[in-house]
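A short write-up of the structure that comes next.
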Amino acid sequence: MPDFDSIPRMTIGHGPTPLEAMPRLSQAVGCNLYIKRDDCTGLGAGGNKTRKLEYLVAAARDEGADTLVTIGGLQSNHARQTAAAAAKCGFVCELVLEDVAGTPKQDYYNNGNLLLDRLFGANIHPVVEGEDGVVVADQLMARLAEAGRKPYLIPVGGSNEVGSLGYVRCAHEILAQITTQNIQVDQIVHASGSAGTQAGLLAGLIAAGADIPVLGIAVSRDTEAQQALVQALLEKTLQYLGLDPALATGRVVADGGYFGEGYGITTPATLEAVKMCARVEGILLDPVYTGKGMAGLIDKCRSGVFSSGQNILFLHTGGSPGLFAYRELL
Ligand SMILES: Cc1ncc(COP(=O)(O)O)c(C=O)c1O
């Protein structure tokens, strides 16, 4: 494996993020719960994308780019953190944003992440109904290049083998913290979407020879589809690190039982998880990602899938600005 620390990276986030106990939530659900606070990565209200962007923005810089282009939903946390990274590092930011059917509308168009995107100075390109965001982004890339700009395309969620490196690094950080704090972690749980977080985390654990299981609670896909997405990116990330992709075998576990009707559409259990974490731990989750992830975790504690003696680490991937777009449901 090449020297991981020699891979180009821009330090744009705060770290290491805290890893701490959640005693009151543990008592409420009957398992020993810990939390890794990647909602506290610092940049532009924080979240998991900041770690990925440290590698993606370095790659853009090394290619001589002057503009970051990315794609997401109108309330994308990834788009908001990309806009903040662009502002911090001196790039122009162009966001291709898609509306999401079934979401509340009163605050969705002007609040939360979208308001912050504008504040960070990003240019917004709405995708009209019937168009495909990826195609719109490709066309935009061509137009920008024709106009003499040097655009760099960051994929949905920052999820490719470069972005995943942010979570390889996070895996190393977690292993160091649990050693120092003398915690034996039996299970890591987090919300899994475009797959870069889970693939990177697993690649980092595999590279370090650690066998802690990672459960990705899918936010928009059934179990099989989510596992296939994570598996493919995990294999690519391992290859990028010079490791055997076969090391991925048997490591990818996702659960598609908690996302409800679709991406961005919240569920009663998600809202219960958001309210419960706020009221017993003072921690803000979100209705699209971490609320669903936590709803899965709580259900598995209550139903005995996770037992009372187990130490479970919830990776908080951020997203709280999204709360303000869902005010009418909360
Ligand atoms: C708050 C939050 N949690 C989790 C995820 C999922 O991470 P990934 O796309 O790497 O699977 C996202 C992705 O946008 C997110 O914004």
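Residues in the stretch 260-286 that are of a type outside the set (Asp, Glu) and in a loop (DSSP other than H, G, I, E, B): GLY260, GLY262, TYR263, GLY264, ILE265, THR266, THR267, GLY282, ILE283, LEU284, LEU285.
Quick check on my filter: what residues within the stretch 21-42 are outside any loop (DSSP other than H, G, I, E, B) and of a type in the set (Gly, Ala, Ser)? I'd like the intermediate steps shown before the answer.
In the first step, residues of the stretch 21-42 are kept if they are outside any loop (DSSP other than H, G, I, E, B); the result is 21, 23-29, 32-40.
Across the stretch 21-42, the qualifying residues are ALA21, SER26, ALA28.
Scoring GLY260 on the criteria (1) under 24 Å from ASP186 (Cα atoms); (2) among the small types (Gly, Ala, Ser); (3) without any contact (Cβ under 8 Å) to a residue 60 or more places away in the chain leaves a single failure, condition (1).
If the condition is being out of contact with any helix residue (DSSP H, G or I) (no Cβ under 7 Å at 6 or more places or on another chain), surrounded by fewer than 19 Cβ atoms within 10 Å (Cβ to Cβ) and modelled with pLDDT of 95 or more, then the stretch 300-330 contributes SER303, GLY304, VAL305, GLN310, ASN311. Taken over the stretch 284-294, the criterion of being touching a strand residue (DSSP E or B) at 6+ places or on another chain (Cβ under 7 Å) and of a type in the set (A, V, I, L, M, F, W, C) is satisfied by MET294 alone.
Can you report the number of residues in the stretch 145-159 which are more than 19 Å from VAL219 (Cβ to Cβ) and either within 11 Å of the ligand (Cβ to nearest atom) or part of a loop (DSSP other than H, G, I, E, B) (or both)? I'd like the intermediate steps shown before the answer.
Step one: list which residues in the stretch 145-159 are more than 19 Å from VAL219 (Cβ to Cβ), which gives 145-154.
Pick out the ones that are also either within 11 Å of the ligand (Cβ to nearest atom) or part of a loop (DSSP other than H, G, I, E, B) (or both) and you get 147-150.
Of the residues in that region, 4 qualify.
The values are calculated or read from the model by the stated rules, or taken from the named source; none is laboratory data. Small disclaimer: the values here were computed from a predicted structure and weren't measured. Using ideal geometry, Cβ is built from the backbone for each residue, glycine included, and neighbour counts are taken over all protein chains shown.
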